[in-house]
Amino acid sequence: MIILACLAMQAIGQQVPLYTQYMFNKIIYNPAVAGVDPYFQIRSNHRFQWVGIADAPLTNALAFFGPHKTMPMGYGGYVYHDITGPTSRTSLTGVYAYNIEVIPDVRLSMGLSLGVMQYRVDGTQITLKDPSDLALQGEVHTSWVPDANFGLYLYHRDFWVGFSTAQLINTKLKLYEPGTGINKLKTHFFLSGGYIYEINSDWKVEPSAMLKGTAPKAVQFDLNARVIWQEMVWLGLSYRTNDAISVLLGYSYQERIYFGYSYDITLSGLRQYNTGTHEVMFGYRFNDIK
């Protein structure tokens, strides 16, 4: 019992999906991003984590959002499906944001999101050492819970700073009615920012960072930098504390069609059991409407 207690104190985990290319699909973790750009857009992320490990996490996300034609607001939504072995979660979320001018050329957007999440445990994929265990009984258990979040996003042509939450409603998951465990959602926070430094008409450098987790424990830090050539090709590096170092590359066709790829090299003890993590990003930008 003492050993288990010590292990529990050292455990670090999270209940929300992880993205290396978070800077290309910000609305998934910050609803205030809706309406910031003068056009509607579609963004998707597809993450294949820890390739080589059985039942490793697999995440797919799709977002659609944009501004109102005449008013300083935006709206949209996103859906994601996250699978880890016999467990999965699916979220369908709507987003609304309103932005104001703070000082000339600097605006503050405030966003809210509302949605539902389905948590699922497939007992048929679990082999029990004790067949008499009644917790799963080879059945599929699901739980539907509401979700609400808020976000702030301060932005300028050259920089952006954001703060947002995830799982603001700490709902209990009733996956197994007579169960003895406590399954409760925890509120996560995201603090992020970035700066675009223009070297000349062809080259730009964009450093960015994100602090995320459930304070005061399970806090993780991402540090990134990418070099952009003619708004068309980019190459970057990323470091995530206690987890991985990543290589990012991408291509933009006429600033309308976007493609991004990242490869994570695991730094933790799991590195000897997997060949890394792959993540692909696709995006499409519609015509300006504002």
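Here, each number is a calculation from the coordinates, and none is a lab measurement. These figures come from a predicted structure and were not determined experimentally. Cβ coordinates were reconstructed from backbone atoms using ideal geometry, including for glycine residues, and neighbour counts include every protein chain displayed.
Ranked from largest, the principal axis spans of the Cα set of the stretch 15-127 equal 60, 25, 20 Å.
Remark: for residue pairs K184/K212; K129/K174; K129/K172, the C-alpha separation exceeds 21 Å in K129/K174; K129/K172. Just how far, in whole angstrom, is the stretch 30-98 from the stretch 262-279 if you go by their alpha carbon centroids? Their Cα centres are 23 Å away from one another. All other residues whose Cβ lies under 14 angstrom from that of Q21 are scored, Lys and Arg at +1 and Asp and Glu at -1, for a net of +1. Computed from phi, the 3J(HN,Hα) profile of the stretch 61-77 under the Karplus parametrisation 6.51, -1.76, 1.60 (θ = phi - 60°) reads 9, 9, 10, 9, 7, x, x, 6, 5, 10, 10, x, 8, x, 7, x, x Hz, with x in place of Gly and Pro. Near S208, once Lys and Arg are set to +1 and Asp and Glu to -1 for all other residues with Cβ below 14 Å from its Cβ, the sum equals +2. Partners of K26 within straight-line reach, counting aspartates and glutamates whose Cα lies under 17 Å from its Cα and excluding those fewer than 8 residues away in the same chain: D37, D158, E206, D222, E279.
Between K69 and M110, what length in nm is gained on full extension when 0.36 nm per residue of separation is reduced by their alpha carbon distance? Walk me through the numbers on the way to the answer.
Details: separation 41, 0.36 × 41 = 14.76 nm, distance 1.78 nm.
Stretched out fully, the K69 to M110 stretch lengthens by 13.0 nm.
For the chain, a Kirkwood radius taken over Cα pairs fed into Stokes-Einstein (25 °C, viscosity 0.890 mPa s) yields D = 120 µm²/s.
Taken along its principal axes, the alpha carbon cloud of the stretch 138-279 reaches lengths of 64, 39, 31 Å, longest axis first.
When M281, M110, M210 are ordered from fewest to most other Cβ atoms inside 10 Å of their Cβ, what list results? Kindly include the intermediate steps, with their values, before the conclusion.
On the way: M281 24, M110 16, M210 21.
Neighbour counts put them in this order, fewest first: M110, M210, M281.
Shown for W144, W50: other C-beta atoms within 10 Å of each C-beta, ranked fewest to most, produce the order W144, W50. May I ask you to list the residues of the stretch 243-267 whose amide nitrogen lies under 17 Å from a point 7 Å from Cα along the Cα→beta-carbon direction of Y39? Label zone hits: 251-260. For the stretch 18-32, the Karplus equation 6.51 cos²θ - 1.76 cosθ + 1.60, evaluated at θ = phi - 60°, returns couplings of 10, 9, 7, 8, 5, 5, 9, 8, 5, 5, 5, 10, 9, x, 5 Hz by residue, with Gly and Pro reported as x.
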